[in-house]
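Written below as structure tokens is the structure these notes are about.
The values are calculated or read from the model by the stated rules, or taken from the named source; none is laboratory data. Please read all numbers here as calculations on a predicted model, not as lab measurements. Virtual Cβ from ideal backbone geometry, glycine too; neighbours counted across all protein chains shown. In case anyone asks, the SASA skips ligands and DNA or RNA and just uses the protein heavy atoms, side chains included. Shrake-Rupley method; radii C 1.70, N 1.55, O 1.52, S 1.80 Å.
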Amino acid sequence: MVSADVVVSDDTATARHLASSYGHWVYSVRACDGAIPYPDPDKVTPLTAEQLAVVKDRTATQFVGDPDEVADKLDTLQRVTSADELVITSVTHGYADRLRSHELIAKRWGLTG
């Protein structure tokens, strides 16, 4: 079993925007007093170089993009780890965006009816 943080949207630009505050949240977990409410990507300022260094391992391994891009990355993850199960999480500010992320990857994998 392998887990992956993913943000899927109809287009890559939207997915990147939705995922843009992920580093802020990870930073709060690692360098502050615990997790803050997930930040609104419309209201955050870019992380400093020092903050980026603290979260780079997490942001670099987050899969972000349209359904085809993310599915390709997840296929690669499965292949290189020989995982027989992938656990997918989608962390975004808005609940509807998280739900849509899961719906899009499920549809791409043919898991919706």
Subject >> Matching option when the condition is touching a Lys or Arg at 6+ places or on another chain (Cβ under 7 Å) and either touching a residue at least 60 places away in the same chain (Cβ under 8 Å) or under 20 Å from Leu77 (Cβ atoms) (or both), among Val26, Val8 >> reply: Val26
**OP:** Mind listing whichever residues of segment 104-113 are assigned to a loop (DSSP other than H, G, I, E, B) and either of a type in the set (Phe, Trp, Tyr) or touching a helix residue (DSSP H, G or I) at 6+ places or on another chain (Cβ under 6 Å) (or both)?
**Re:** Trp109, Thr112
Subject >> Selection within segment 35-76 - aliphatic (A, V, I, L, M), within 22 Å of Asp11 (Cα to Cα) and in contact with a Phe, Trp or Tyr (Cβ under 8 Å, 6 or more places away or on another chain) >> reply: Val70, Ala71, Leu74
Original post:
For segment 52-72, does any single residue satisfy the condition of being without any contact (Cβ under 8 Å) to a residue 40 or more places away in the chain, within 15 Å of Ala106 (Cα to Cα) and among the charged types (D, E, K, R)?
Top reply: yes
Subject >> Wholly within segment 1-103, strands (runs of 3 or more DSSP E) carrying at least 3 residues that are open to solvent by less than 80 Å² (accessible area, probe 1.4 Å), at pLDDT 95 or above and in contact with a helix residue (DSSP H, G or I) (Cβ under 6 Å, 6 or more places away or on another chain) >> reply: 2-8, 63-65
Subject >> Tally, over segment 104-113, of residues that are more than 26 Å from Asp40 (Cβ to Cβ), open to solvent by less than 80 Å² (accessible area, probe 1.4 Å) and in contact (Cβ under 8 Å) with a residue 24 or more places away in the chain >> reply: 0
